[in-house]
Amino acid sequence: MIEISSYHIQVLAFMGINIILAVSLNLINGFTGQFSLGHAGFMAIGAYTAAILTKACGWPFLLATLAGALLAFAFGLLLGIPILRLKGDYLAIATFGLSEIVRVAIVNFDDVTMKAATLVGLQDLVPKEITRGALGYPAIPEVKSLVWIYGWAFVTCLILRNIVRSSEGRAISSIGEDELAAESLGINTARYKTLSFAIGAFFAGVAGALFAHWVTYIKADLFKIDKSIEILLMVVLGGMGSLSGSVLGAVVLTLLPEYLRVFAQWRMVIYPILLILLMLTRPEGLLGRRELSTILGVLYTRAMGRGGPAPGNPPVAAE
Amino acid sequence: MSEFIQQLINGIALGSIYGLIAVGYTIVYGILGLINFAHGEIYMMGTFSAFLAVQFAKSKFGWEMGFFPALLIGMLGAAVLGVAIERIAYRPLRAKSAVPAVMLGLIGGGAAFMLLGGIMGHAGVHFGNPLALFVSTSVSSSSAVEKVEGAQIPALVSLAVWAMLAFGVYRLSKEKLAQRKKLKAGTLTALLTALGVSLLLQNLGIQMFGATPKSFPPLVEFYPYEFGSIILANQDMLIFGAMVVSMVVLQLIIYKTKIGKAMRAVAVDQDAARLMGVRLDFTISCAFAIGSSLAAIAGVLYAIRYTKIDPLMGALPGAKAFVAAVLGGIGNIPGAVVGGLIMGVTEALVVGYVSSTLRDAFAFGILILILLVKPTGLMGSNQPEKV
Amino acid sequence: MSEPLLEIRDLDVFYGAVHALKGIEIAIDTGEIVTLVGANGAGKSTTLRAISGLVSPKRGSIRFEGESILGRDPVDIVSRGLIHCPEGRRVFAPMSVLENLEMGAFLRKDKEVIARDLERVYGLFPRLRDRMAQAAGTLSGGEQQMLAIGRSMMASPRLLLLDEPSLGLAPLLVEEIFRIIKRINEEGVTVLLVEQNAHMALKCAHRGYVLETGKVILHGAAADVEKNPMVREAYLGA
Ligand SMILES: Nc1ncnc2c1ncn2[C@@H]1O[C@H](COP(=O)(O)OP(=O)(O)O)[C@@H](O)[C@H]1O
Ligand SMILES: [Mg+2]
């Protein structure tokens, strides 16, 4: 038997959480083609909401997770409607700005609510400490369970797969391929964009809740742009518009840093170089828009020889 | 009232810095339709070039370098870096060009080598440090490689492995780059590349200069003019003056010189400009050089006024200057300056009257608001459709 | 007879998978007006883009004054006096009329000669002189077309490639444009004129080529091309 230490379990846990994050971001960035740099913001919303609910209000974990995710979903919906009118670079910067605002709001939450409450004379009704500002939020009830994490990861993948394969999913994908064309085909692009943004936010919220209850101590600085970029990197590496690609990307980019301990200090130099090289040589990511299953299927039929297509002429993978 | 005027002064100084950086975004965006996310890092690197030059001059030659030489070196450093970034990372995105596949090979080979080393380290096998062949080991002892036990691969073999990896990446990039279709800027690929460059420079900066803030030498001594309770620092006036002078010079370049006209023409219509005999690559390089040196001016002035510099100093001012550029209408140079001033003054007022922890949130709040209400910015933009 | 000024042989151009030109052969002699007519999408603009170096052909040869210019940079081609006035005017809208004209002379150094050419362009298009300081984008469509041609003239072309100069202009203006093209030619500039308006173009030109889906299907003296029954039916609506 290979001995599994708590260190290995921790790595596995983060891997599962990253899978949820990457797969859900792929719905927004990959399938719908909307460049979001704000995924960590939704993660923060889920993490803080769930943590406060379990710790301060004594809610059960599952309910708190769902509440955090729903709040993230609501924010996604509310903010998505105006924000998703923007395109490309502007959207990227605006989502980045949004997640910064979320972060600053968390840090200043107590001050602002207290001031507001004092203004209307309700200062006694409002707790002094809700998010505890820049100090971070400690002593969250611990839920160190891989079952929860991988259960959620499975649910995420399943739901997103079903969404992507549904007729709505095809509408969403057509936006990702060519928004103008999709619009001219009569697809309500605004609606689908907002919906996919909010669904992505929902699962980011789930990931945040799982994360908070695993590490038991969170602070707003954990959810900065660096985190959003890290998630984005997983999506890009795996392939925009490939769910299994995102899983692959999450696995690789969770393990890589662990293997790179020796070069820990150079890690953040190597990462961007890899990203640039990837963009210059294989911008579609490792799997492109294809799913692992179709690729394996092709390889399998090819390996079986007869019946498979000629090597130089691979079949078009189902989108 | 005097409090208000004081904040206004602070805001105008800060806003002049943002304005100078914003102009670089706007010039590059106007020409390429690309947000150069690395612009904040060019600002940082330019400042560090000046900083290192001052230190070097003092320690080697005992020369107390003055403001102007330091500024010029900073501008030069930033310009070289800006042009290099464009050549290596952005140009391959827009055209089949003689991309430095060699460069990619060397860098990528290095990264792959480190990856391999890290993974093999887990199996207890370590590469000797190939650098040790060229540099005395004491210099490169920062690497953890020498300290761990386990099998050690000779440095010469390591070098060979590195070379092989580098060659592999070189061949791959050469082949891939030859096949690649011309890409539109503004696509995810372009954005991610820019993001990658920005991250790379930040972290290279941390490796090279250390993460702890450094004290920038007071090249211009602080001297306050006091009007009652209002303090007007000579440095603030210098910042504002430098911004005004830079803008006048920039306007002269853009409207009176040939390269300036070429830049404007390229911003409107690349192909039409080429049909006039404008050299596209050279013109774009010039735009990067100009934008980058303006960022360096901002950086050196910032360092003199606020005394501390560090490798992450470009991130937030970069983002805020981008907001300023959008605010003024991206592609519009006077707009970028006005946007910068608005951002600076707003920030100072927020710090003075609301809360200093909210200063950054306000910047992004403004951005989102302006994008939703009037995405072309206050002064309109000449955002290119093509590229 | 000596070598033609411009000689295109067996030219193939692709846009990705689209095979836009399939073995084009065109020759132009010094002093001529040659017109290239054909339906929308036939490959006329692509031919000009290949000549001026904006697209790189897959195969074939393009020789100008006896030298191969295939695969050269547009800057090099412009400096040889081979000037392409693109379809759709493409003036630099925010720049003034004068600045636009100056851009035409971008590669030229001799200030005096440039000043003389500016006078010549103002002579051809007096209206541009009145609008000198105005932003090009504020001109009317016809004026913008004149500016585009004037801008090309500022490069002192030996061979001028004109892409659909009559596009979208009122009939009176179309006639004026064609008159000016003739005048430019009489002043010694060889012209390759691309037109959908085959009728006017063939009347103006010495020789004509008919392009269809990337191939030259017919060429000869303009009058003969005009009389060809197939051309009459397909392009002249007769
Ligand atoms: N940039 C491009 N990308 C792909 N196809 C193009 C492009 N430009 C032109 N084409 C195609 O090449 C063919 C020739 O186009 P063009 O030379 O513009 O025709 P014309 O000028 O005769 O109307 C057309 O089928 C057109 O669709
Ligand atoms: Mg055409």
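The values are calculated or read from the model by the stated rules, or taken from the named source; none is laboratory data. Just so it is clear, the structure is predicted and the values come from calculations on it, not from any experiment. Positions of Cβ are generated from backbone atoms using ideal geometry, with glycine treated the same way; all protein chains shown enter the neighbour counts. Areas reflect the complete protein model, heavy atoms only, side chains present, ligands, DNA and RNA absent. Shrake-Rupley method; radii C 1.70, N 1.55, O 1.52, S 1.80 Å.
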**Message:** Would you confirm, using the coordinates I've provided, whether residue C:225 is more than 14 Å from chain B (Cβ to nearest Cβ), within 16 Å of ligand 2 (Cβ to nearest atom), closer than 26 Å to residue C:50 by Cβ and touching a helix residue (DSSP H, G or I) at 6+ places or on another chain (Cβ under 8 Å)?
**Reply:** no
**Item:** Residue list for the stretch C:7-29, filter: open to solvent by 60 Å² or more (accessible area, probe 1.4 Å) and away from ligand 1 (no atom under 13 Å from the Cβ)
**Value:** C:9, C:10, C:25
**Message:** Can you tell me which condition residue C:84 does not meet? The list is (1) within 11 Å of chain B (Cβ to nearest Cβ); (2) away from ligand 1 (no atom under 12 Å from the Cβ); (3) assigned to a loop (DSSP other than H, G, I, E, B); (4) not hydrophobic (A, V, I, L, M, F, W, C), and all the others hold.
**Reply:** (3)
**Asked** Would you call residue C:125 among the aromatic types (Phe, Trp, Tyr), farther than 30 Å from residue B:30 by Cβ and more than 16 Å from ligand 1 (Cβ to nearest atom)?
**Response** no
**Prompt:** Since residue A:39 meets every condition but one in (1) surrounded by fewer than 24 Cβ atoms within 10 Å (Cβ to Cβ); (2) out of contact with any Phe, Trp or Tyr (no Cβ under 7 Å at 6 or more places or on another chain); (3) within 30 Å of residue A:144 (Cβ to Cβ), which condition does it not meet?
**Reply:** (1)
**Complete:** Selection over the stretch B:250-269 where residues are open to solvent by 20 Å² or more (accessible area, probe 1.4 Å) and more than 9 Å from chain C (Cβ to nearest Cβ) yields a count of 6
**Prompt:** Taking the stated definitions as given, is residue C:58 assigned by TED's automatic domain parsing to the domain that holds residue C:218, open to solvent by 30 Å² or more (accessible area, probe 1.4 Å), more than 16 Å from ligand 2 (Cβ to nearest atom) and closer than 29 Å to residue C:233 by Cα?
**Reply:** no
**Complete:** Cβ pairs under 6 Å, 6+ apart or interchain, first in the stretch C:191-211 and under 7 Å from residue C:37 (Cβ atoms) and open to solvent by 10 Å² or more (accessible area, probe 1.4 Å), second away from ligand 1 (no atom under 12 Å from the Cβ) and outside any strand (DSSP E or B), ordered by first then second residue, are none
**Asked** With C:65, C:32 as the choices, which residue is at pLDDT below 95, away from ligand 2 (no atom under 16 Å from the Cβ) and open to solvent by 70 Å² or more (accessible area, probe 1.4 Å)?
**Response** C:65
**Asked** Across the stretch B:191-242, what is the number of residues that are hydroxyl-bearing (Ser, Thr, Tyr) and within 11 Å of chain A (Cβ to nearest Cβ)?
**Response** 2
**Prompt:** Taking the stretch A:213-234 as the search range and keeping residues that are within 15 Å of residue A:103 (Cβ to Cβ) and assigned to a loop (DSSP other than H, G, I, E, B), which one is nearest to the other protein chains (Cβ to nearest Cβ)?
**Reply:** A:224
**Qualifying residue in the stretch A:109-120 (condition: in a loop (DSSP other than H, G, I, E, B) and open to solvent by 30 Å² or more (accessible area, probe 1.4 Å))** = yes
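Rundown of residues vs (1) part of a loop (DSSP other than H, G, I, E, B); (2) in the same structural domain as residue C:65 (by TED's automatic domain parsing); (3) away from ligand 2 (no atom under 16 Å from the Cβ), yes/no style:
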| position | (1), (2), (3) |
| --- | --- |
| C:137 | no, no, yes |
| C:143 | no, no, yes |
| C:148 | no, no, no |
| C:167 | yes, yes, no |
| C:176 | no, yes, yes |
| C:180 | no, yes, yes |
| C:193 | no, yes, no |
**Asked** Across the stretch C:40-55, which residue is modelled with the highest pLDDT among those that are away from ligand 2 (no atom under 13 Å from the Cβ) and either assigned to a loop (DSSP other than H, G, I, E, B) or of a type outside the set (Ser, Thr, Tyr) (or both)?
**Response** C:51
**Message:** Going by what's in this entry, would residue C:72 be described as within 14 Å of chain B (Cβ to nearest Cβ), open to solvent by 60 Å² or more (accessible area, probe 1.4 Å) and away from ligand 2 (no atom under 16 Å from the Cβ)?
**Reply:** yes
**Request:** Hey, could you check the stretch C:89-108 for residues that are farther than 18 Å from residue B:31 by Cβ and among the small types (Gly, Ala, Ser) and say which is nearest to the other protein chains (Cβ to nearest Cβ)?
**Result:** C:104
**Message:** Being out of contact with any His (no Cβ under 7 Å at 6 or more places or on another chain), within 14 Å of ligand 2 (Cβ to nearest atom) and in a strand (DSSP E or B) is the requirement here; does residue C:37 meet it?
**Reply:** yes
**Asked** Out of all the residues in the stretch C:82-103, is one or more in contact (Cβ under 8 Å) with a residue 60 or more places away in the chain and farther than 15 Å from residue C:147 by Cα?
**Response** yes
**Prompt:** Can you name every residue in the stretch C:45-54 that is open to solvent by 10 Å² or more (accessible area, probe 1.4 Å) and near ligand 1 (Cβ under 8 Å from one of its atoms)?
**Reply:** C:45, C:46, C:49
**Prompt:** Which condition breaks for residue B:294 when tested against (1) within 14 Å of chain A (Cβ to nearest Cβ); (2) among the hydrophobic types (A, V, I, L, M, F, W, C); (3) in contact (Cβ under 8 Å) with a residue 24 or more places away in the chain; (4) in a helix (DSSP H, G or I)?
**Reply:** (1)
**Item:** Test result for residue B:242, at negative phi and open to solvent by less than 30 Å² (accessible area, probe 1.4 Å)
**Value:** yes
**Prompt:** Given the conditions (1) more than 18 Å from the chain's Cα centre (by Cα); (2) within 14 Å of chain B (Cβ to nearest Cβ); (3) not basic (Lys, Arg), and given that residue A:30 satisfies all but one, which numbered condition is not satisfied?
**Reply:** (1)
**Prompt:** Within the stretch A:142-163, can one find any residue that is surrounded by fewer than 19 Cβ atoms within 10 Å (Cβ to Cβ), at pLDDT 80 or above and over 21 Å from the mean Cα position of the chain (by Cα)?
**Reply:** yes
**Asked** For the subset of the stretch C:87-105 comprising residues that are surrounded by fewer than 22 Cβ atoms within 10 Å (Cβ to Cβ) and in a loop (DSSP other than H, G, I, E, B), which member is nearest to ligand 1 (Cβ to nearest atom)?
**Response** C:87
**Request:** Answer yes or no as to whether residue A:181 is assigned to a helix (DSSP H, G or I) and either surrounded by 13 or more Cβ atoms within 10 Å (Cβ to Cβ) or not hydrophobic (A, V, I, L, M, F, W, C) (or both).
**Result:** no
**Count of residues meeting criterion [β-branched (Val, Ile, Thr) and within 9 Å of chain B (Cβ to nearest Cβ)] in the stretch A:103-115** = 3
